[in-house]
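Worksheet: one structure, shown below.
The values are calculated or read from the model by the stated rules, or taken from the named source; none is laboratory data. Keep in mind that this is a model prediction, so the values were computed, not measured. Neighbour counts run over all protein chains shown; Cβ positions are idealised from the backbone, glycine included. Heavy atoms of the whole protein, side chains included, go into the accessibility calculation; ligands, DNA and RNA do not. Shrake-Rupley method; radii C 1.70, N 1.55, O 1.52, S 1.80 Å.
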Amino acid sequence: MTTITNALQAVRQRIALAAAAVGRPAAGIQLLAVSKTFPAAAVRQAYTAGQRAFGESYVQEAMEKVAVLNDLPLKWHFIGPIQSNKTRPIAESFAWVHSLDRARIADRLSAGRPSNLPDLQVCLQVNVSGESSKSGVAPEDLPALARYVQTLPRLKLRGLMAIPEPTDDPVKQRLAFVRLRQLLEQLNAEGFQLDTLSMGMSDDLEAAIAEGATIVRVGSAIFGERHKTLKKD
Ligand SMILES: *Cc1c(COP(=O)(O)O)cnc(C)c1O
């Protein structure tokens, strides 16, 4: 078995154990394999091992992989910062966007989504770590943004996403995830029907699952360490 196949199996096992520990069915947790900075061949390998959903953060890089892998029935999720001049390729090639955090981008994704495709599934990215993070809507501005996105054609609002400040302390990890879950519960109490909490990565997926994650976004635990040189769009 290849390294990626082994690593995928190990991550699936972690998800199953974390779910069992809190009495949740593992089937309620989707594994998103974050393939950013890794080549198309690595994605193909993960596909062979049964993985179908892949996360990308950089539009240019993603579009190259989407093109090379278009013989495979993959679901692409965009999870990176969204520049307004890059919304069209995202709207045309992705099934999901996790990192929507402002109305102007929502307008452009809605307008750019081809009408022959299913609605673009979206999560609103929330800044649950305060000043230390530049991305994500502030919790106090979340309800208004959610109401607005709900009105847009060709977008389907599914839930919330967060990238908390990294910490090794499992208690602190859980606090950020609790905050995101409570924000989702508040929206649902207001009448939304959101079913998705996109939270948890390689180092904190157990804490996220304990607090209700329905999608965990896992990169390095599947594909290995990323090189530090960040690819820019
Ligand atoms: C890179 C990335 C991940 C995966 O992080 P790992 O620590 O490698 O699992 C998850 N979510 C987002 C938004 C990312 O940019």
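Quick check: is even one residue across the range 158-174 in a loop (DSSP other than H, G, I, E, B), among the aliphatic types (A, V, I, L, M) and surrounded by fewer than 20 Cβ atoms within 10 Å (Cβ to Cβ)? Scanning the range 158-174, I find no residue that is in a loop (DSSP other than H, G, I, E, B), among the aliphatic types (A, V, I, L, M) and surrounded by fewer than 20 Cβ atoms within 10 Å (Cβ to Cβ), so the answer is no.
Annotation for the range 179-199: no member residue is open to solvent by 20 Å² or more (accessible area, probe 1.4 Å) and within 16 Å of the ligand (Cβ to nearest atom).
If I filter the range 142-154 for residues that are within 16 Å of the ligand (Cβ to nearest atom) and of a type outside the set (D, E, K, R), do I get at least one hit?
no
Per this entry, Arg24 is counted among residues that are surrounded by 15 or more Cβ atoms within 10 Å (Cβ to Cβ), more than 16 Å from the ligand (Cβ to nearest atom), part of a loop (DSSP other than H, G, I, E, B) and among the charged types (D, E, K, R). Determine whether Gln30 is within 15 Å of Thr214 (Cα to Cα) and touching a strand residue (DSSP E or B) at 6+ places or on another chain (Cβ under 9 Å). It is true that Gln30 is within 15 Å of Thr214 (Cα to Cα) and touching a strand residue (DSSP E or B) at 6+ places or on another chain (Cβ under 9 Å). Applying the criterion of at least 1 residues that are surrounded by fewer than 21 Cβ atoms within 10 Å (Cβ to Cβ) and aliphatic (A, V, I, L, M) to the strands (runs of 3 or more DSSP E) found wholly in the range 36-137 leaves 53-56. Of Leu8, Leu32, all but one fail to be under 16 Å from the mean Cα position of the chain (by Cα), open to solvent by less than 10 Å² (accessible area, probe 1.4 Å) and touching a residue at least 40 places away in the same chain (Cβ under 8 Å); the exception is Leu32.
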